[in-house]
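K.L.:
Take this structure first; my questions come after.
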C-alpha cells in the first residue's frame, strides 16, 4: 500500500479518512467454494450523510467485484426494526448471483435511506435467522455475516445475541469518526469465547 502524507498538516494533530482495498492472488471464481454472505446494514438516522454513502460505495464494490456467480447474497437493512422474511421489498436475497441478480442488488443498495433508531439486535437477529432458516438447500455452504454500522445502539441490546452470534462468523465494520466500538468488541469476544470452548471440548474428546 502506498504511503499517504498530508504536507499541509504534517506536524499538526489531524484526522484523515482512507479507504483501504486488500487484494489476494487471483485464483478464478470457479476455484473458490460457494459462499452465503449476509450484509446487515445500519440505515438508522445516525448513518445519514457520509456514513451511509461510504457504506453504499463499499457494498457496491463488494457486490460487483468480490462475489462469484455461485455465491448467495442477502442484504438486510435495519433501523428501529428489521424487515420480516416475507417483506421482500425491504430486503434483498438471492441464492446465486447472475448478472441480473447482481444488478438488482446494486440497485437495492442505491435506494437505501437513513431514518429511525438503531436496533442492532433486530438486524443481527434477522441475519442469523436467514442463515439458519432462509437458505433452503444451501445450508452446507460456508457463510458469514457482515455487520455495517456506526455502533450507536439506542434500541434493543445486541449482547442478548451472544450465544447465537458465537455459532456463526460475524465480521463488523464501523462507519464514521464517531463510531462506537463497544458493540463490535462484544461480538468479537463472543466468537472468540465459543471457539475456545469448542477447542476445549475437542481436546477432552481426543484425550479419552
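The values are calculated or read from the model by the stated rules, or taken from the named source; none is laboratory data. Fair warning: this is a prediction, and the values are worked out from it, not measured in the lab. Cβ placement follows ideal geometry from the backbone for every residue including glycine, while neighbour counts extend to all protein chains displayed.
K.L.:
Within the stretch 63-78, does at least one residue satisfy the condition of being surrounded by 15 or more Cβ atoms within 10 Å (Cβ to Cβ), touching a residue at least 24 places away in the same chain (Cβ under 8 Å), out of contact with any strand residue (DSSP E or B) (no Cβ under 9 Å at 6 or more places or on another chain) and over 12 Å from residue 150 (Cα atoms)?
P.N.:
no
K.L.:
Restricting to the stretch 89-102, give me the number of residues that are farther than 17 Å from residue 36 by Cβ and under 19 Å from the mean Cα position of the chain (by Cα).
P.N.:
The number of residues fulfilling the criteria is 1.
K.L.:
Conditions first: (1) outside any helix (DSSP H, G or I); (2) surrounded by 15 or more Cβ atoms within 10 Å (Cβ to Cβ). Residue 86 passes all but one, so which condition is the exception?
P.N.:
Only one criterion in (1) outside any helix (DSSP H, G or I); (2) surrounded by 15 or more Cβ atoms within 10 Å (Cβ to Cβ) is unmet by residue 86, namely (2).
K.L.:
Would you say residue 162 is modelled with pLDDT of 95 or more and within 26 Å of residue 180 (Cα to Cα)?
P.N.:
no
K.L.:
List pairs: first residue in the stretch 82-104 and over 17 Å from residue 43 (Cα atoms), second residue surrounded by fewer than 16 Cβ atoms within 10 Å (Cβ to Cβ) and modelled with pLDDT of 95 or more anywhere in the structure, Cβ distance under 6 angstrom, at least six positions apart or on different chains.
P.N.:
none
K.L.:
Right, something else. Mind checking which residues of the stretch 119-137 are in a loop (DSSP other than H, G, I, E, B) and either at pLDDT 85 or above or under 26 Å from residue 180 (Cα atoms) (or both)?
P.N.:
The one that is in a loop (DSSP other than H, G, I, E, B) and either at pLDDT 85 or above or under 26 Å from residue 180 (Cα atoms) (or both): 119.
K.L.:
Are any of the residues in the stretch 109-118 assigned to a helix (DSSP H, G or I) and either within 18 Å of residue 170 (Cα to Cα) or modelled with pLDDT of 95 or more (or both)?
P.N.:
Looking through the stretch 109-118, at least one residue is assigned to a helix (DSSP H, G or I) and either within 18 Å of residue 170 (Cα to Cα) or modelled with pLDDT of 95 or more (or both).
K.L.:
Being outside any loop (DSSP other than H, G, I, E, B), modelled with pLDDT under 80 and in contact with a helix residue (DSSP H, G or I) (Cβ under 8 Å, 6 or more places away or on another chain), is that true of even one residue in the stretch 138-154? Give the steps one after another, and end with the answer.
P.N.:
So the first thing to find is which residues in the stretch 138-154 are outside any loop (DSSP other than H, G, I, E, B), and the list is 138, 142-149.
Applying the additional criterion that residues be modelled with pLDDT under 80 yields 138.
Of the ones still in play, those that are also in contact with a helix residue (DSSP H, G or I) (Cβ under 8 Å, 6 or more places away or on another chain) are none.
So far as the stretch 138-154 goes, no, none of its residues is outside any loop (DSSP other than H, G, I, E, B), modelled with pLDDT under 80 and in contact with a helix residue (DSSP H, G or I) (Cβ under 8 Å, 6 or more places away or on another chain).
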